[in-house]
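The values are calculated or read from the model by the stated rules, or taken from the named source; none is laboratory data. Treat the numbers as computed from the prediction; the structure is a model and nothing was measured. FYI the Cβ positions are ideal-geometry reconstructions off the backbone, even for glycines, and counts take in every protein chain you see.
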Amino acid sequence: MPGVREGWSGAAGAGGTARMVFDVRRLAGPTTLLRPWRAADAPVLAGAWRDPAIRERLDVPEPADEAAAARWISQRELAWAEGRSVDLAVTDPPSGEVIGEVGLSRLDPVRRAALIGWWIAEGWRGRRRASEAVRLVLDWVLADGPLDAVMAEIDSENPASAAVARRAGMRRVDASRRAAHGPGDAPRLVFARTRISEGSG
């Protein structure tokens, strides 16, 4: 399950003209393949949005149906071009099945930083697919991409995602952030990985 997609501001940079340029690509690991979303993935995405475990931690559209999923997928290329986000489908290579998503948001060209978030579909959790997917993205953007730091904000009551972050080489740097939903919500643990720490963990 993901860290959340919020925390940075001013992603457009001074004057709103800066862009974070990414060479979006397929990324392959031992058991996982990441690729851009396709129109045919809309039914899988809509199904994931209806999963209570995912809805608890992600903002999903209402109604969370295939039409909404298709619209979201159709906007991904523009989001990359405008430097707003990078979102990749996590797939199982033998079957080609979409089993999750990993993405970067709050892209900040001044700090050269972003937030990372992810989710894995029910039935595929507990197999370390999220850790592999997150590490693939971090290895890519901190070595070949324009980022110097990537952060994840994770609910303190979500130890599974904290373990994912650690296995992907991220280190806990702060525990004081509050959840945006209300003062009674659990604080978020902040994890980070930087270009100079690439390969650590």
Among the residues of the range 71-78, are any under 24 Å from Gly169 (Cα atoms), of a type in the set (A, V, I, L, M, F, W, C) and surrounded by fewer than 21 Cβ atoms within 10 Å (Cβ to Cβ)?
no
I'd like to check which strands (runs of 3 or more DSSP E) are fully inside the range 87-165 and have at least 2 residues that are over 18 Å from Thr194 (Cβ atoms).
97-108, 113-120
Conditions (1) touching a Phe, Trp or Tyr at 6+ places or on another chain (Cβ under 9 Å); (2) at pLDDT below 95; (3) outside any loop (DSSP other than H, G, I, E, B): number failed by Gly15:
(1)
From the options Ala163, Ala168, Ala175, residue that is closer than 28 Å to Asp51 by Cα, surrounded by fewer than 16 Cβ atoms within 10 Å (Cβ to Cβ), at pLDDT 95 or above and not charged (D, E, K, R):
Ala163
For Ala69, work out the one condition from (1) part of a helix (DSSP H, G or I); (2) at pLDDT below 95; (3) within 27 Å of Asp155 (Cα to Cα); (4) not β-branched (Val, Ile, Thr) it doesn't fulfil.
(2)
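Select from the range 108-133 the residues that are of a type in the set (Lys, Arg) and farther than 19 Å from Pro30 by Cα and list them in ascending order.
Applying the first criterion (of a type in the set (Lys, Arg)) to the range 108-133 yields 111-112, 125, 127-129.
Within the range 108-133, Arg111, Arg112 qualify.
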Where a residue in the range 67-93 is within 17 Å of Ala42 (Cα to Cα) and touching a residue at least 60 places away in the same chain (Cβ under 8 Å) and its partner, wherever it lies, is among the β-branched types (Val, Ile, Thr) and buried (at least 19 other Cβ atoms within 10 Å of the Cβ), with Cβ under 6 Å and at least six apart
Leu88/Val102; Asp92/Ile99
Looking at the range 16-61, which of its residues are in contact (Cβ under 8 Å) with a residue 40 or more places away in the chain, in contact with a strand residue (DSSP E or B) (Cβ under 6 Å, 6 or more places away or on another chain) and surrounded by fewer than 14 Cβ atoms within 10 Å (Cβ to Cβ)?
none
